[in-house]
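Report on one structure; see the data block that follows.
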Amino acid sequence: MAWSIAQVARMSKVTSRTLRHYDSIGLLEPAWIGGNGYRYYEQEQLLKLQQILLLRDLGLGLDTVAEVLDGRHSTVAVLRNHARRLTKEQERLVRLAKTVTRTIEKLEGGYRMKMEELFDGFDPDRQARYEAELVERYGDQAQEHIDEGKRRMQGWSKSDADGFMAEWRSIYQAYAGLFDAGVAVDAPEALDVTDRHFRWLSLSWTPNRESYTGLGQLYVDAPEFKTQFDAHAEGFGEYVRDAIAAYAQARL
């Protein structure tokens, strides 16, 4: 017995777009494709989809899921490592929650907070990893961009930083709307949103064509970024990456 992609989407609560994405990256290929171009799935594929969804619910990225499914890593070993990362992240979030609570108390006048406590629980190692990866990929030029960004942001107030992050959230939603509507990455609407992203980024550092394209690739390669984009939909990070590459080619 076989089920169409629409039937599988209804049964599994996974969108047809996600199933097509799983096929495109070789994670879950259909049993066969009909003469009409429709994908059809049999019991073997449904069982594999169930396993994929279980591993995704446990917080594993698609690359790791693929490694488990093809036997490169045992499920127990992967989950053990993942559990350790979650424990560390849980500890960091507890510190961060305390920091936010103390900040509220300070703003309300009930707690005399040292200014350095404002940043307790934030992850400087994560920022350092991003910087190191950019320098490794693009050399001294990337380091110049990073140093430029730090100089520009040194004098920012909390209001400046809050506005910067609010604009990023707005850009993220604009990209999500384009992605959901199926707008091509090089369409005028997509180029306009990416121009907004480029101008936002230029508040901290000004990339050229190569480094801007590299940042788009980092959105897909770095697990922290990839998770943020995957929270909206599978393939969303790749969409933003491709939109950035199209903009860089057309306008930089």
With every protein chain in place, what's the accessible area of L93 (1.4 Å probe, Å², nearest 10)? 90 Å²
Accessible area per residue for segment 177-252 in Å², computed with a 1.4 Å probe and the full protein assembly in place, what is it? 41 Å²
Please say if segment 13-105 is rounded, prolate or oblate, where rounded means a/c under 1.5 for a ≥ b ≥ c the square roots of the C-alpha gyration tensor eigenvalues, and otherwise the choice is prolate for a/b larger than b/c and oblate otherwise? prolate
Over segment 1-66, with every protein chain in place, what whole percent of the accessible area is carbon and sulfur at 1.4 Å, could you tell me? 50 percent
Fully extended contour minus Cα-Cα distance, from V94 to E189, at 0.36 nm per residue: 30.2 nm
Give the separation of the Cα centroids, segment 1-57 to segment 216-252, in Å. 24 Å
With a Förster radius of 30 Å, plug the Cβ-Cβ distance of A31 and A233 into 1/(1 + (r/R0)^6) and report the FRET value to the nearest 0.05. 0.80
Just name one of G235, Y212, G182: the one whose Cα is farthest towards the positive end of the charge dipole of segment 174-252 (beta-carbon charges, Lys/Arg +1, Asp/Glu -1). Y212
Can you compute the FRET efficiency between Y40 and H73 using 1/(1 + (r/R0)^6), with r the Cβ-Cβ distance and R0 = 22 Å? Round to the nearest 0.05. 0.15
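The values are calculated or read from the model by the stated rules, or taken from the named source; none is laboratory data. Note that the structure is a prediction, hence the values are computed from the model and not measured. Note that we place each Cβ from the backbone using ideal geometry, even for glycine, and neighbour counts take in every protein chain shown. The protein model used for the area step is the full one, side chains on, heavy atoms only, and it has no ligands, DNA or RNA in it. Shrake-Rupley method; radii C 1.70, N 1.55, O 1.52, S 1.80 Å.
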